[in-house]
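Notes follow once the structure below has been shown.
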Amino acid sequence: RALSFDGVDDQIAMGPAPDLGLAELTIEAWVRRDGTGKPGSTGKGGLSLVPIAGKGRGEEDGSNVDCNYAFGFFGDVLGADFEDLETGANHPVVGKTAIPKGEWHHLAASYDGTTWRLYVDGELDAEKDANAVPRNDSIQHFAIGTMLDSAAVAAERLHGSVDELRVWS
């Protein structure tokens, strides 16, 4: 059984979830994209992603309402981003492999404190050095299938299904 999102108003919200405010992380899930969905911004210099899951969205740079991390679709490929603790600058990474609609794929993004890595079905798809600390003190809310700001307002939506989502520190 998977979580199904209609791309209109479905979401899973977990509140500010301070334990999910991470400086190093891996986020992974089985995902099936059924439609285009609605993308949202991770902030100035970031990405416009159709969200799978993450903690925040673009709200205000240089404060605790910065996006901690976001993971989703950038067009037809995978993307991830975070805003850094020191400057509020965004650190996006974009994949190379097109993810077809209507098919299940295991998707993952990992940041080890220096390098972003994206994986599609267990294969490395992209990597990019960031050398920054994510805004792990963000008070923005953690969500699946949408991006929420610090007031839990959603503006983006996934049209598809998510199963076995995991977030690792």
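Note on the range 105-148: among residues that are more than 17 Å from D76 (Cα to Cα) and small (G, A, S), the one that is surrounded by the fewest Cβ atoms within 10 Å (Cβ to Cβ) is G122. Listed conditions (1) at negative phi; (2) outside any strand (DSSP E or B); (3) not acidic (D, E) are all met by A152, apart from (1). The residues of the range 118-132 that are farther than 17 Å from I27 by Cβ and assigned to a loop (DSSP other than H, G, I, E, B), listed by number, are N131, A132.
Counting only residues that are modelled with pLDDT of 90 or more and open to solvent by 10 Å² or more (accessible area, probe 1.4 Å), how many does the range 44-63 have?
Restricting attention to the range 44-63, the residues satisfying the condition of being modelled with pLDDT of 90 or more are 44-57.
Next, from what is left, pick out any that are open to solvent by 10 Å² or more (accessible area, probe 1.4 Å): 44-48, 57.
Counting residues in the range 44-63 that are modelled with pLDDT of 90 or more and open to solvent by 10 Å² or more (accessible area, probe 1.4 Å) gives 6.
One residue alone among F82, F74 is over 16 Å from W30 (Cα atoms) and open to solvent by 40 Å² or more (accessible area, probe 1.4 Å), and that residue is F74. In the set (1) open to solvent by 20 Å² or more (accessible area, probe 1.4 Å); (2) touching a His at 6+ places or on another chain (Cβ under 8 Å), R33 fails one condition alone, (1). Being open to solvent by 40 Å² or more (accessible area, probe 1.4 Å) and not basic (K, R) is the filter here, so list the residues in the range 92-104 that pass it. Across the range 92-104, the qualifying residues are V94, T97, A98, P100, G102, E103, W104. Within the range 121-133, residues that are within 14 Å of F82 (Cα to Cα) reach partners that are in a loop (DSSP other than H, G, I, E, B) and open to solvent by 100 Å² or more (accessible area, probe 1.4 Å) with beta carbons closer than 9 Å, at six or more positions or on different chains, in the pairs A132/E86; V133/E86. Restricting attention to the range 7-34, the residues that are over 14 Å from the mean Cα position of the chain (by Cα), of a type in the set (D, E, K, R) and over 20 Å from V77 (Cα atoms) add up to 3.
Selection of the range 10-30 for residues being of a type in the set (V, I, T) and crowded, with 20+ Cβ neighbours inside 10 Å yields only I27.
Would you mind stating whether V162 is under 16 Å from the mean Cα position of the chain (by Cα) and outside any strand (DSSP E or B)? No, not satisfied.
The values are calculated or read from the model by the stated rules, or taken from the named source; none is laboratory data. All values derive from a computational prediction rather than experimental measurement. Neighbour counts run over all protein chains shown; Cβ positions are idealised from the backbone, glycine included. These area figures cover heavy atoms from the full protein model, side chains too; ligands, DNA and RNA do not enter into them. Shrake-Rupley method; radii C 1.70, N 1.55, O 1.52, S 1.80 Å.
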